[in-house]
Amino acid sequence: MEKGYFKSEPDEREAYTIVIPPPNVTGVLHMGHMLNNTLQDVLIRRARMQGYNAEWLPGTDHASIATEARVVAFLKTKGIDKSSLSREKFMEHAWEWREKHGGMILEQLKRLGASCDWDRTRFTMDEALYESVIKIFVDLYQKGLIYRGVRMVNWDPKALTALSDEEVIHKELQSKLYYLRYKIEGAVDEWVTIATTRPETILGDTAVCVNPNDKRFDHLKGKKVIIPLVNRVVPVIFDDYVDVEFGTGCLKITPAHDINDYEIGIRHKLKVIDIFNDDGTMSEAAELYIGKDRFEVRQEILKDLEAGEHLVKIEDYVNKIGYSERTDEVIEPKLSLQWFLKMEDLAKPALEVVMNDTVKFHPKKFKNTYRHWMENVRDWCISRQLWWGQRIPAYYYDGDVFVAESAEEALQQAIKATKNEKLTLDDLKQDEDVLDTWFSSWLWPISVFDGIRYPDNDDIKYYYPTNDLVTAPDILFFWVARMIMAGLEYRNEIPFKNVYLTGMVRDKLGRKMSKSLGNSPDPIELLDKYGADGVRVGMLLTSPAGNDLPFDEALCEQGRNFSNKIWNALRLIKGWNVDESLEQPDASKVSTAWFENRFNKTLATIEDHFSKYRISDALMAVYKLIWDDFCSWYLEMIKPAYQQDIDQVTLKTSIGFFEDLMRVLHPFMPFISEEIWHHLGEREEKDCLIVAEMPVPSDVDESLLLEFDYVRDVIMGIRKVRKEKNIPMRDEISLLIKKNEGEEAKTTFDPVVTKLCKLSGLTYTDEKEEGSVSFIVKSTEFYIPLEGAVDIKAEIEKLETELKYARGFLASVEKKLSNERFVSNAPEQVIEKEKQKKADAESKIRVIEEQLGTLRK
């Protein structure tokens, strides 16, 4: 940050851009943020090292509902009620709260290592972004896409605002189904029975409805029924909507409090009675229980219905109930005058660019979810009954509405419409509502570069469209789809090329992490305990795109241990003394050749993983390359003997390898990699790893790698014999290798085997060595002379066990190869592999049988 490495300005390089999914200004770092932002940082750091002009733009979202609730709660602690404040005074308090608390999460992200361009930090209520939102509202209104009307909306009685359909979470709950009977008007003892999950809403009933094809109710045509308790007389109506199988087949109709009832009410011109106040208490229109909470009334009304002999029975019933995503309050369907955005025409092109992969989803499975949403899109309720947010630019005068970017422009419209030159700003009344938070964030990739107000500015032309978006699937429609709509509408271009969809962070039992369950660790405590690098590795090791992350704190410990492993490798190398007169040993020559090929092979694998957005797999490849290939094998292969010096060529080459490993590791573990980079060599002040060049894979000698894989098994075989026979590593041993007939011995790694296994000699022979212990790798037999120390009986038992296993394995392979269906259907390379297994097993059996024959003599 001090050196400005995170900053970006347009230049001649190709841009690589990510815009952060703006966390709520109320937010503090949680595990989902940690995963999401670590992934973004990996992508941006890698692009920076690949030579792109990397721009990761950070910011926060004003979060209308959540922030206003926080501010209201905060004011209450000071004895201030929102209703006692003017709008202007409340906004002063809200801005003050935001200035004090709003940047906390961004500071926490810096601790995680997020290399955002912090100088460009944006906030959805910044002047430029605020004006952009207003400009778009006016434009869409003028295009006829925004309208105002009374519609059934999702009402949050706690936040006292309407919500869009996407802000409602439906939970499946164990409920009750109440059977109530309504008296038929004019009849002595005739009743109809309805079934409802919400008995309190009978106070708003304006009809009872049955299916016209249901013969059970033919006698009700033209009849009326009496609503219990309020004694309201309402008609019996007939409509195909009614499911004859549900409940009694007879449905109560409450047009003010159910979307389907509302539609039926329109068709049959029914009266609408709104029985709820905005806070979920009973209104005067309910006639009874006025001012009491809806759920309290449910218990009271049941007692009254039972007393009046209207309650027939109660059954257990499972149904889905809508909850506010923001407040977790049960949603109340409510008729309300709101602003809406027509979505159908905006959705069609936004669907097409995803289905044809102009915008690619990773993983692809989310395309189906996206298509379902977009093909069933509803008009978006964009107004919210709040003060914190972008205020709707609609101005009212004498029943007319004037929509404009400023009050002054609205005044000119009003003067022109009314031909009244005496009108002043005081005559206009601006709409009290603000816009849905998502109405500002759907413009985010454009507005952060000021591309709405100034469509041709240098930033928007250079950085847009962005490259990758990393986000969670649960806001695929809320945000991703709407950003695509806005991008196509206002830039005629997609807003990003790839969407990487993360999974949900769960505990190791598979439960969603939450404060209520107490199963979510404190991210800051994790950072303190394991370091940012350790936590980043822990988050990424098991987080494949689109699949949930089963988080276990042990993964962070594994990440910290990895840091320790790398640091110890540095200490080892830094502890070697160089003797410039030394020639490079043969073991070191072949070891450096092997590791260079191993590195390039893995590098190609890592590139492939990144191209497919398999970030977790890419990290695992880096992890194994460093831990296994470099630390566990290569450093052992080139390490000088105790208190001996190392040659200059090997040390220089090894430091070069270490530097390349730190380049590849840097996007995942920026802190330790940067630190080690500076320990590995003298650097100019500007030569930091963050802007070093990322290595690119070169040609690989596959035969050399295959030969080492074989040699590694040989080394492990020798070490196993040493362990079994209690031969300490300080004691030299000799190794005899039986040459296979017609095969040329591969001796490339003999110096490495000699060094790592402390051999006094390595000989290729046609003769078996008496008094030796042997082992087999592939079809080659190896002997280690033990000068009579071998336990013949134990050795025979061991070989007999190996022989039994080998014969069983051969039988299973022969069975597979004798299966005509397998041979005719399997790919040729699979069959060849099975034949090779057969040949290896037969060879191994021959060798073991010969060994047993020798031992039994």
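The values are calculated or read from the model by the stated rules, or taken from the named source; none is laboratory data. As the structure is a computational prediction, the values presented were derived from the model and not from experiment. Here the Cβ is made from the backbone with ideal geometry for all residues, glycine too, and neighbour counts use every protein chain on show. Surface areas here come from the heavy atoms of the whole protein model, side chains and all, with no ligands, DNA or RNA. Shrake-Rupley method; radii C 1.70, N 1.55, O 1.52, S 1.80 Å.
Filter the stretch 636-657 down to the residues that are open to solvent by less than 50 Å² (accessible area, probe 1.4 Å) and out of contact with any Leu (no Cβ under 6 Å at 6 or more places or on another chain) and list them by number.
The initial filter retains those residues of the stretch 636-657 that are open to solvent by less than 50 Å² (accessible area, probe 1.4 Å), namely 637-638, 640, 646-647, 650-651, 653-657.
The answer is 637, 638, 640, 646, 650, 651, 653, 654, 656, 657.
Here are 526, 509, 501, 517: which of them is of a type outside the set (Phe, Trp, Tyr) and under 17 Å from residue 41 (Cα atoms)? Break it down into steps so the answer makes sense when it comes.
On the way: 526 fails: under 17 Å from residue 41 (Cα atoms); 509 fails: under 17 Å from residue 41 (Cα atoms); 517 fails: under 17 Å from residue 41 (Cα atoms).
Sole residue among the options that is of a type outside the set (Phe, Trp, Tyr) and under 17 Å from residue 41 (Cα atoms): 501.
For the stretch 788-822, the set of residues classified as out of contact with any helix residue (DSSP H, G or I) (no Cβ under 8 Å at 6 or more places or on another chain), modelled with pLDDT of 90 or more and of a type in the set (A, V, I, L, M, F, W, C) consists of 811 only. Could you list all residues from the stretch 117-135 that are among the aromatic types (Phe, Trp, Tyr) and open to solvent by 10 Å² or more (accessible area, probe 1.4 Å)? Residues satisfying the conditions are 118, 130.
Residue-wise test of (1) part of a helix (DSSP H, G or I); (2) in contact with a Leu (Cβ under 7 Å, 6 or more places away or on another chain); (3) in contact (Cβ under 8 Å) with a residue 40 or more places away in the chain.
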| residue | (1), (2), (3) |
| --- | --- |
| 278 | no, yes, yes |
| 296 | yes, no, no |
| 305 | yes, yes, yes |
| 313 | no, no, yes |
| 316 | no, no, yes |
| 323 | no, no, yes |
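So, of the residues in the stretch 68-104 that are over 27 Å from residue 430 (Cα atoms), in a helix (DSSP H, G or I) and in contact (Cβ under 8 Å) with a residue 40 or more places away in the chain, which turns out to be most open to solvent (accessible area, probe 1.4 Å)? It comes out as 104. Just one of (1) surrounded by 15 or more Cβ atoms within 10 Å (Cβ to Cβ); (2) within 21 Å of the chain's Cα centre (by Cα); (3) closer than 20 Å to residue 113 by Cα fails for residue 522. It is (1). For the stretch 45-57, the condition holds for no residue, the condition being that it is surrounded by fewer than 21 Cβ atoms within 10 Å (Cβ to Cβ), touching a residue at least 24 places away in the same chain (Cβ under 8 Å), in contact with a Ser or Thr (Cβ under 9 Å, 6 or more places away or on another chain) and under 30 Å from residue 508 (Cβ atoms). In summary, residue 442 fulfils each of the numbered conditions (1) more than 47 Å from the chain's Cα centre (by Cα); (2) modelled with pLDDT of 95 or more with the single exception of condition (1). Within the stretch 214-228, the set of residues being assigned to a helix (DSSP H, G or I) and either open to solvent by 20 Å² or more (accessible area, probe 1.4 Å) or of a type in the set (Gly, Ala, Ser) (or both) comprises 215, 216, 217, 218, 219.
Condition check: open to solvent by less than 10 Å² (accessible area, probe 1.4 Å) and either more than 30 Å from residue 145 (Cα to Cα) or touching a Gly at 6+ places or on another chain (Cβ under 7 Å) (or both). Does residue 272 satisfy that? Show your work before the answer.
Working: open to solvent by less than 10 Å² (accessible area, probe 1.4 Å): no; either more than 30 Å from residue 145 (Cα to Cα) or touching a Gly at 6+ places or on another chain (Cβ under 7 Å) (or both): yes.
When the stated conditions are applied, residue 272 does not pass them.
If the condition is being open to solvent by 10 Å² or more (accessible area, probe 1.4 Å), β-branched (Val, Ile, Thr) and at pLDDT 95 or above, then the stretch 462-508 contributes only 494.
Filter the stretch 539-565 for residues that are among the aromatic types (Phe, Trp, Tyr) and within 21 Å of residue 658 (Cα to Cα) and give the result. Explain how you work it out, then say what you get.
At the first step, the residues of the stretch 539-565 found to be among the aromatic types (Phe, Trp, Tyr) are 551, 562.
Within the stretch 539-565, just 562 meets the criteria.
Condition check ((1) open to solvent by less than 40 Å² (accessible area, probe 1.4 Å); (2) in contact with a Pro (Cβ under 8 Å, 6 or more places away or on another chain); (3) of a type in the set (S, T, N, Q); (4) part of a loop (DSSP other than H, G, I, E, B)) across all residues:
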position: 177; (1), (2), (3), (4): yes, no, no, no
position: 182; (1), (2), (3), (4): yes, yes, no, no
position: 189; (1), (2), (3), (4): no, no, no, yes
position: 203; (1), (2), (3), (4): yes, no, no, no
position: 212; (1), (2), (3), (4): no, no, no, yes
position: 230; (1), (2), (3), (4): yes, no, no, yes
position: 234; (1), (2), (3), (4): yes, no, no, no
position: 241; (1), (2), (3), (4): no, no, no, yes
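Just checking, which of 394, 417 is within 30 Å of residue 258 (Cα to Cα), touching a strand residue (DSSP E or B) at 6+ places or on another chain (Cβ under 8 Å) and of a type outside the set (Val, Ile, Thr)? Step by step, each of 394, 417 is checked, and only 394 is within 30 Å of residue 258 (Cα to Cα), touching a strand residue (DSSP E or B) at 6+ places or on another chain (Cβ under 8 Å) and of a type outside the set (Val, Ile, Thr). The selection criterion, being aliphatic (A, V, I, L, M), modelled with pLDDT of 95 or more and within 34 Å of the chain's Cα centre (by Cα), holds for residue 618. Contact map, the stretch 377-388: residues that are over 19 Å from residue 278 (Cα atoms) and among the hydrophobic types (A, V, I, L, M, F, W, C) paired with residues that are open to solvent by less than 10 Å² (accessible area, probe 1.4 Å) and in a loop (DSSP other than H, G, I, E, B), Cβ distance under 8 Å, separation 6+ or inter-chain. Pairs shown: 377/343; 380/164; 380/343; 380/436.
Residue 65 meets each of the listed conditions (1) open to solvent by less than 30 Å² (accessible area, probe 1.4 Å); (2) over 25 Å from residue 431 (Cα atoms); (3) β-branched (Val, Ile, Thr) apart from (2).
So residue 723 ticks every box in (1) exposed (fewer than 15 other Cβ atoms within 10 Å of the Cβ); (2) modelled with pLDDT of 95 or more; (3) in a helix (DSSP H, G or I) but one. Which box is left unticked? Residue 723 satisfies every listed condition except (2). Could you look through the stretch 658-695, keep only residues that are farther than 22 Å from residue 606 by Cα and in a helix (DSSP H, G or I), and pick out the one that is least open to solvent (accessible area, probe 1.4 Å)? Once the filter is applied, the top-ranked residue is 680.
For the stretch 732-741, residues that are surrounded by fewer than 18 Cβ atoms within 10 Å (Cβ to Cβ), in contact (Cβ under 8 Å) with a residue 24 or more places away in the chain and more than 11 Å from residue 757 (Cβ to Cβ) total 2. Just so you know, in the stretch 331-348 the residues that are at pLDDT 95 or above and farther than 14 Å from residue 140 by Cα include one that is most open to solvent (accessible area, probe 1.4 Å), and it is 348.
Of everything in the stretch 402-417 that is open to solvent by less than 50 Å² (accessible area, probe 1.4 Å) and hydrophobic (A, V, I, L, M, F, W, C), the residue that is farthest from the chain's Cα centre (by Cα) is 415. Put simply, of 562, 496 the only residue that is farther than 30 Å from residue 374 by Cα and aromatic (Phe, Trp, Tyr) is 562. Please determine whether any residue of the stretch 357-379 is in a helix (DSSP H, G or I), open to solvent by less than 50 Å² (accessible area, probe 1.4 Å), over 30 Å from residue 410 (Cβ atoms) and in contact with a Pro (Cβ under 8 Å, 6 or more places away or on another chain). Scanning the stretch 357-379 turns up at least one residue that is in a helix (DSSP H, G or I), open to solvent by less than 50 Å² (accessible area, probe 1.4 Å), over 30 Å from residue 410 (Cβ atoms) and in contact with a Pro (Cβ under 8 Å, 6 or more places away or on another chain). If you filter the stretch 304-330 down to residues that are open to solvent by 80 Å² or more (accessible area, probe 1.4 Å) and either within 31 Å of the chain's Cα centre (by Cα) or not hydrophobic (A, V, I, L, M, F, W, C) (or both), you find that the one that is nearest to residue 262 (Cα to Cα) is 320.
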